[in-house]
Amino acid sequence: MELRTNRRTLIALGLTGAVAVSSLALLRPEAGVASSHREAPMIAGDPRNDNTDVYAFVSPDRPDTVTLMANFIPFEEPNGGPNFYQFDTNSRYNIKIDNDGDAKPDVTYQWVFRNEDRRGTGTFLYNNGPVTSLTDKNLLFKQRYTLKKITHAGTRTLVSNGIVAPSNSGPASMPMYSVLRAQSIKWLPGGSKAFAGQADEAFFADLRVFDLLYGGNLSEVGQDTFKRYNVHSLALQVPKKDVALRGNAGRNPVIGVWSTVDKWSPRGYVQVSRLGQPLVNEVVVPAALKDAFNALPPAKDADVPAVVKRVTNPEVPKLLQSIYGLKAPKTPRGDLVEIFLTGIAKANGPIKADLNSQILNKDAGKLRPSEMLRLNMAIPPAASPNRLGVLAGDLQGFPNGRRLGDDVIDIALQAMAGAAQTGKLVGALAAGDKVNQNDRPFSVQFPYIPLPGTTSVNAG
C-alpha cells in the first residue's frame, strides 16, 4: 500500500486519538447503564466493568499475528486486600472487530467469568500459604472463564475452563508470580493465545491535565499518575486471517477494534462500557452525556447529527487558547472527519495517504462512519518503535492501532493545538506531560504487559 510520509501528513495522522473524539460529545441519552479510567459517572461506581484502555498491534515477535487487549478496573492498589480484584461474574466482556467498514462487529471474542471460592466461614485470606501454581491448594479464591468466538457463521467455544491469573497478593504469598502468569496463558487451536488476569497498569500519563491543563502554566508535569497501579487484562494473539475480512489479510488488512462490557440487569444484558480510541469519553464528552456514550454502539455514531459538528469544531483547542493563549486552529476541521469517523485513506478526504480505513480492504462494501481503533495489519512492526507513533513517522504506532508504549497524551496535546493543520509541532507543548514511558518495562512476549506489582502506590 502506498504511504505518503511527508511531515504534514504524519502530524495529521498522529492526532486521531484525542481530538477527533470530540464528535461524540453530543450523544443522545439512551436507555442503559453507564469507559476509560473513571471517566463517566455511572461506570466510576462500577470499576469491575470500567474498560480503561484498548490496544491493537501487529505482534512484534510473531508478525503473522495481531495482539488485541482490553484492560479493566482502574487504579488497583497492589496491597488492596483481603478482598482482592476480580472480573464481574454478572457481565460479558467483549473485544469486537469490524473488518468490512459497516461499523458492526464481524468477529467478537467474549469472556464470561465464574468464581471458585473455598474460603467459606473458615478464613478471610485470599490464600493461606505460598501459591506456586494455579492449582495450588493454598489459593483459596480463583476465577475461571469461558472464551467464545462469535462470527456470522455462529459461535465457537475457544476456552471452556480457563483460569484467571490471580491478584498478586505479595512476595510471601506468590514468590514466583511469573510462573502463575505463564500457566494462565492458554494456547488455542490454530496458533492463537489467550490471557486473562492481573497485570501492571500500562497506561502512563500525568493526570494533572485535569487541573486546568497541567496547572494553567504547564508546571504540573512529570508525575506518572498510574505508577505502581495494576489492572485486570484480557488479551488475545490471533492469526491475522482470523480477524481479516474473508480470512484474507493480504487483500483486506484493515480492522476496526473496540471493547464493550454487557452487564446483566432485569432487562437482560445491557452495554455499560465502550472503548475504542483512548481518551474519547474521558477527555471530551460532557458529564451529562458520558453514560450515554458508554451505551452506544459504533453503528449508531453516524445517526447523531452533532457528531460532525463536534469533529469540525472541537472544544479542547478553545481551552488551550483561553488558558495558554495558544490560538485555536480555524474551523471547520474537515480533516478530522476523515481521521475520526472514516479512517485515513485518499478516497475519504483531504489527508492524501492510505493508512487505516476499512475502505482500503479490497472486499469491503460501503463504509459507515464510526469511532473505533483502526489497525492496518499489513504494516510491519517497527524495529525501533517511537512513542509518538505516526506523528514521528512510525506508521505501526498510534493512531494506526495502539501499542503499549504509544504516548497518546503527548500526541493528543499536539493535535489539539493544531499540528494537523499547520504541519508543525507546537513548540510551547513540545515537552508534553514529561511522562514518556511506563514505569516498568514491557515484555518481549505475549501478553507483553508487565507482571502486576506488589509495591504500594504510597510507598514513596
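The values are calculated or read from the model by the stated rules, or taken from the named source; none is laboratory data. In this text the structure is predicted, and so the values were computed from the model without any measurement. Ideal geometry is used to build each Cβ from the backbone, glycine not excepted, and the neighbour counts take in all protein chains shown.
Could you please tell me which pairs satisfy a Cβ distance under 6 Å, a separation of 6+ or placement on different chains, a first residue in segment 119-148 that is more than 21 Å from TYR109 (Cβ to Cβ), and a second residue that is of a type in the set (Lys, Arg)? Between residues of segment 119-148 that are more than 21 Å from TYR109 (Cβ to Cβ) and residues that are of a type in the set (Lys, Arg), the close pairs are LEU140/ARG118; LEU140/ARG119.
When only residues in segment 116-163 that are farther than 22 Å from THR89 by Cα and of a type in the set (A, V, I, L, M) count, which is nearest to the chain's Cα centre (by Cα)? Out of the qualifying residues, it is ALA153. Only one entry in TYR93, TYR85 is under 16 Å from the mean Cα position of the chain (by Cα) and either buried (at least 19 other Cβ atoms within 10 Å of the Cβ) or under 23 Å from GLY365 (Cβ atoms) (or both), namely TYR93.
Restricting attention to segment 230-252, the residues that are within 26 Å of TYR93 (Cα to Cα) and surrounded by fewer than 23 Cβ atoms within 10 Å (Cβ to Cβ) add up to 8.
Within segment 208-232, residues that are more than 9 Å from ASP433 (Cβ to Cβ) and assigned to a loop (DSSP other than H, G, I, E, B) reach partners that are at pLDDT 90 or above and of a type in the set (S, T, N, Q) with beta carbons closer than 6 Å, at six or more positions or on different chains, in the pairs ARG228/THR455. Would you check which residues across segment 189-226 are basic (Lys, Arg) and at pLDDT 95 or above and list them? Of everything in segment 189-226, just one residue is basic (Lys, Arg) and at pLDDT 95 or above, namely LYS193. Of the numbered criteria (1) assigned to a strand (DSSP E or B); (2) within 27 Å of SER160 (Cβ to Cβ); (3) at pLDDT 95 or above; (4) not aliphatic (A, V, I, L, M), the one SER273 fails is (3). Scanning segment 409-454 for residues being in a helix (DSSP H, G or I), surrounded by fewer than 24 Cβ atoms within 10 Å (Cβ to Cβ) and aliphatic (A, V, I, L, M) gives a total of 3. Just one of (1) closer than 30 Å to ILE379 by Cβ; (2) exposed (fewer than 15 other Cβ atoms within 10 Å of the Cβ) fails for GLY122. It is (1). Of the residues making up segment 391-408, just one is surrounded by fewer than 22 Cβ atoms within 10 Å (Cβ to Cβ) and in a helix (DSSP H, G or I), namely ALA392. Scanning segment 141-188 for residues that are surrounded by 14 or more Cβ atoms within 10 Å (Cβ to Cβ) and more than 20 Å from ALA199 (Cα to Cα) gives LYS148, LYS149, ILE150, THR151, LEU158, VAL159, LEU188.
Counting only residues that are over 14 Å from the mean Cα position of the chain (by Cα) and among the β-branched types (Val, Ile, Thr), segment 248-277 holds 4 of them. Here GLN271 fulfils each of the conditions (1) touching a Ser or Thr at 6+ places or on another chain (Cβ under 6 Å); (2) of a type outside the set (Lys, Arg); (3) within 23 Å of ARG368 (Cα to Cα); (4) surrounded by fewer than 20 Cβ atoms within 10 Å (Cβ to Cβ) apart from (4). Here is the figure for segment 342-364: residues that are in a helix (DSSP H, G or I) and within 14 Å of ILE255 (Cα to Cα) total 4. Tell me, which residue of segment 119-156 that is part of a loop (DSSP other than H, G, I, E, B) and touching an Asp or Glu at 6+ places or on another chain (Cβ under 9 Å) is farthest from LEU234 (Cα to Cα)? Result: GLY129.
Kindly indicate whether any position in segment 238-256 is modelled with pLDDT under 95 and outside any strand (DSSP E or B). Within segment 238-256 (the criterion being modelled with pLDDT under 95 and outside any strand (DSSP E or B)), the answer is no, since none of the residues qualifies. ILE344 meets the conditions (1) closer than 24 Å to ALA202 by Cβ; (2) of a type in the set (Val, Ile, Thr); (3) surrounded by 24 or more Cβ atoms within 10 Å (Cβ to Cβ) in every case but one. The failed one is (1).
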